[in-house]
Structure formats: C-alpha cells, structure tokens
Amino acid sequence: MKSEYPKELQRQFEQAIIQGSFSRGNVLALDDLAARFRTSVNQMRLVVQTAHRKGLLGKIEADLGTVQVLGLPKTEFASVFTHTAKAGFKPTSLVRRVVVEPASPQVADRLKVKASSPVYRYVRTRNVDGQPLANQTNFMPFAVCPGLEDDDVSRYSFQRLLEEKYFSVLTEMQEAYSLIPSTGQDRDVLKLPEGASVLVVDRIALSATNWPLVWATIRIRPDRYQYVAALWPQAAHLLEEGSSE
C-alpha cells in the first residue's frame, strides 16, 4: 500500500512550491506538470490532491485540468510541545507505535479519506517534567507525511515536524473535551489506579483548505490540573467539576 504512493514525486513537487518555482497565484495544468516531472497525469493528480489537502494548492478545476498555487500557509497555532516549553515545563515524548494501516470507517470519516486507504496510527506517551501526562494517538493520511516512521520526535514538536518537513501546516483546531473512565492501557501508561478517570481531548487539525490533517485523541491524567489549566484551559473546568463530585 505504501509503495504505490509517489513519495519522491510529492517531495520534488512540494519543494518546487516552497522554493518559489511556482509563484503564488500561478495556475498550473496537470498535463504540463506531468511532462515537467516526467510522470503520468494520474500520478501527478495524486500529488496535486495531497498538496491541496495541505493547503499548498487550490482545488483542481476538473473541466480544465488546472490548479492554482496558494503557497505555504501561515499559522498562529503554537504546538502543545512549544506551548508547554513556554509555560516553563519540560516536555518529552515516548513514541510507542507507528504503523500504516487501512483506515477504519471511523478514521476515514474523521479524516475525510476513503475507507481502507492507508493512514498512519501514531501512538505515544506525552511526558511533562519527567512525569506521564497523556496517552495520545494520532491518525494522519499516509500521503500527508510519508516516511513518518523514520522521524524522531522524542524531544521535538510533532507539529513542527509536520510543518517543516512535510509542509503540512495546521491552521485550525477543532476540539471537544470529556471526562470518562480510563482504559487498561490508560492506567498502564499513565500509572493510574483502578477506577480512575481520564480527561479526553478529541482534536481535528485542519489545513488552510479546510481538510483534516490530523485526528488526535489525547487522554490525560486528571490529577495534572496545573498542566491542563496551562495547556487546555477550556477543559480545566471538567477537572474542577470532577473533583467536586
């Protein structure tokens, strides 16, 4: 499944956009691009569709076979890693699993991809000041970050990696919060007692063209109130309510 995707073509094309070979506002024809990069129109279309998902290009004009260059988007969102460090804490991550697998119906729906298409499942423990804070799982379309399994983000922002290496800029975050019973995995990873709850942050990160780039489920220790208040202030009230019950 991974080998069929034109990763090197994607890298060359996106680099050309970032380096200014195609100026912002330029209208590009798929036929011309395929000839320039010595590939088929179908392969070029795959790469262009991914660049559109990332916000680098507009939508393909189907009748004309053309697309407009938008360029690298700007963002005002600081990563949780960066925000944590600026708040005076010391963040690290332990990556426990990185796999490419077929998208389940739920994952496909959240990421707006076809069911069974390849997606990354990226599982890690988020530590702050040497203590486990969150049990986190990210799902990303494979085409957004091909080669992710070879990257080390133990002391580096995952969001910065997406932006700087894969040109996948997150411009909007949609989050929902809940306090629910912990699972066995939560208790093992976060060192929680039987019967403990976890604070869940369910997050969809969108590109400038409003396409999902990352679906993250962040399952947080409920007794780390100071961290939650600093990093997810909108969710802190759930811990206050939970502690008063």
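Quick notes on this structure:
- Kirkwood Rh, angstrom, the range 99-245 [1 / mean 1/r, Cα pairs]: 16.2 Å
- Rule-of-thumb Rg ratio for the range 19-127 [Cα; 2.2 N^0.38 Å; N residues]: 1.41
- Per-pair calculated FRET efficiency, R0 = 51 Å: residue 225 and residue 98 via Cβ, rounded to 0.05: 0.95
- The computed Cα extents along the principal axes in Å for the structure shown corresponds, within (1) 59, 32, 30; (2) 63, 33, 30; (3) 48, 48, 33, to (2).
- Positive-end residue, the range 1-153 charge dipole about Cα centroid, Cβ charges, pick of 147, 50, 108: 108
- Under DSSP loop assignment and at most 16 Cβ neighbours within 10 Å, longest trypsin sites (Lys or Arg not before Pro)-free interval of the chain: 192-245
- For residue 96, distant residues with modelled amide H under 5 Å away: 123, 124, 125
- Paired Rg and Dmax values of the range 92-172, which use every Cα atom, in angstrom: 13.1, 40
- The chain - mean residue ellipticity at 222 nm from DSSP helices (-39,500 (n - 2.57) per run, n ≥ 4, rounded to 500): -9000 deg cm²/dmol
- The candidates 32, 129, arranged from most to least accessible area with a 1.4 Å probe in the full protein assembly, appear as 32, 129.
- Length, then width, then depth: along the principal axes, the Cα atoms of the range 1-63 run 33, 28, 22 Å.
- Using a cut-off of 27 Å between Cα atoms, the listed pairs 7/90; 90/112; 114/165; 54/114; 54/191 include 7/90; 90/112; 54/191 as exceeding that distance.
- Using a cutoff of 8 angstrom between alpha carbon atoms and counting only pairs six or more residues apart, the relative contact order for the chain works out to 18 percent.
- Restricting the GluC sites (Glu not before Pro) of the range 124-200 to loop positions (DSSP other than H, G, I, E, B) with no more than 11 neighbouring Cβ atoms within 10 Å leaves 194.
- Partners for residue 74 among aspartates and glutamates (Cα-Cα distance below 15 Å; same-chain residues under 8 apart left out): 163, 164, 172
- The range 145-245 - percent relative contact order, Cα under 8 Å, separation 6 or more: 22 percent
The values are calculated or read from the model by the stated rules, or taken from the named source; none is laboratory data. Given the structure is predicted, the values throughout are model-derived calculations rather than measurements. When we count neighbours, we look across all protein chains shown, and the Cβ atoms used for this are built from the backbone with ideal geometry, even at glycine. Keep in mind that these areas ignore ligands, DNA and RNA; they rest on the heavy atoms of the full protein, side chains included. Shrake-Rupley method; radii C 1.70, N 1.55, O 1.52, S 1.80 Å.
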